[in-house]
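Right, one structure below, let's go through it.
The values are calculated or read from the model by the stated rules, or taken from the named source; none is laboratory data. Quick caveat: nothing in here was measured; it's all calculated off a predicted structure. Methodologically, a virtual Cβ is constructed for each residue, glycine included, from the backbone with ideal geometry; neighbour enumeration extends over all protein chains shown.
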Amino acid sequence: MRILGIDPGNAIMGYGILDYSGNRLTPVDYGCLRSSAGVPQHLRLHKLYNELNSKLRKYKPDCLAVEELFFNRNTKTALVVGQARGIVLLAAAEAGIEVYEYTPLQVKLAAVGRGRAEKGQVQYMVKIILNLPEIPRPDDVADALAVAICHANNGSGWGVLT
């Protein structure tokens, strides 16, 4: 099973692709898609959409796991992130890929064992769980991998980390 985890964002969209086989997670590719500040929003979204579609064609994931929108006090940021989530959902639908959504609490619980874990704890555990040489940077990449780990742990009762 190949899982694409996404941490949606407008400036930086983290992604992590994991293979799950025999109760083992293997990183395939991870990184971030970026758009430039100062460019109109529709063009930024278009660039991210095209790059995401390129990853979908190249790696052919079986499913996509994305973090649900966490609504904070900054409504403008929430709207922009919501737009980025929208292109992720559209790209997955066009590719015929099943989408799974997880709250930040669920992602932290799956990666660290505590739903209120701090960002640094999540990053450290992603490194340990996936046996990576270093913590993935920027934070959005570690978050995307944590979303993929969450799906592996929760999706279809697989229970990787049990």
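Give the residues of the range 1-27 that are of a type outside the set (Gly, Ala, Ser), closer than 15 Å to residue 107 by Cβ and not in a strand (DSSP E or B), sorted by residue number.
Within the range 1-27, the subset of a type outside the set (Gly, Ala, Ser) is 1-4, 6-8, 10, 12-13, 15, 17-20, 23-27.
Now drop any that are not closer than 15 Å to residue 107 by Cβ, which leaves 3-4, 6-8, 15, 18, 25.
8, the sole residue that qualifies.
Residue 88 - would you say it is closer than 20 Å to residue 9 by Cα, of a type in the set (Val, Ile, Thr), in contact with a helix residue (DSSP H, G or I) (Cβ under 8 Å, 6 or more places away or on another chain) and not in a loop (DSSP other than H, G, I, E, B)?
On the way: closer than 20 Å to residue 9 by Cα: yes; of a type in the set (Val, Ile, Thr): yes; in contact with a helix residue (DSSP H, G or I) (Cβ under 8 Å, 6 or more places away or on another chain): yes; not in a loop (DSSP other than H, G, I, E, B): yes.
Against the criterion (closer than 20 Å to residue 9 by Cα, of a type in the set (Val, Ile, Thr), in contact with a helix residue (DSSP H, G or I) (Cβ under 8 Å, 6 or more places away or on another chain) and not in a loop (DSSP other than H, G, I, E, B)), residue 88 qualifies.
Determine the pairs where a residue that is more than 24 Å from residue 76 (Cβ to Cβ), located within the range 38-58, has a partner that is among the hydrophobic types (A, V, I, L, M, F, W, C) and in a helix (DSSP H, G or I) with Cβ atoms under 6 Å apart, the partner being 6 or more residues away or on another chain.
53/91; 56/95
Within the group 81, 66, which residue is of a type in the set (Val, Ile, Thr) and modelled with pLDDT of 95 or more?
On the way: 81 fails: modelled with pLDDT of 95 or more.
Unique residue meeting the criteria: 66.
Looking at (1) within 23 Å of residue 17 (Cβ to Cβ); (2) surrounded by fewer than 16 Cβ atoms within 10 Å (Cβ to Cβ); (3) in contact (Cβ under 8 Å) with a residue 12 or more places away in the chain, which is the only condition residue 63 fails?
Result: residue 63 fails condition (2) only.
Does the range 106-116 include one or more residues that are outside any helix (DSSP H, G or I) and hydrophobic (A, V, I, L, M, F, W, C)? Lay out the reasoning, then the answer.
Our first condition is that a residue be outside any helix (DSSP H, G or I); within the range 106-116, this holds for 113-116.
If we keep only those that are hydrophobic (A, V, I, L, M, F, W, C) as well, we get none.
No, every residue in the range 106-116 fails to be outside any helix (DSSP H, G or I) and hydrophobic (A, V, I, L, M, F, W, C).
I'm checking my understanding of the structure. Among residues of the range 79-133 that are polar (S, T, N, Q) and within 26 Å of residue 44 (Cα to Cα), which one is surrounded by the fewest Cβ atoms within 10 Å (Cβ to Cβ)?
To start, the set of residues in the range 79-133 that are polar (S, T, N, Q) comprises 83, 103, 106, 121, 123, 131.
Subsequent filtering for residues that are within 26 Å of residue 44 (Cα to Cα) retains 83, 103.
Details: 83: 16, 103: 14.
Step by step, filter the range 79-133, then rank; the result is 103.
Tally the residues that are out of contact with any strand residue (DSSP E or B) (no Cβ under 6 Å at 6 or more places or on another chain) and not in a helix (DSSP H, G or I), restricting the search to the range 121-135. Working first, answer last.
Start the filter on the range 121-135 by keeping residues that are out of contact with any strand residue (DSSP E or B) (no Cβ under 6 Å at 6 or more places or on another chain), which leaves 121-129, 131-135.
From what's left, not in a helix (DSSP H, G or I): 131-135.
Counting residues in the range 121-135 that are out of contact with any strand residue (DSSP E or B) (no Cβ under 6 Å at 6 or more places or on another chain) and not in a helix (DSSP H, G or I) gives 5.
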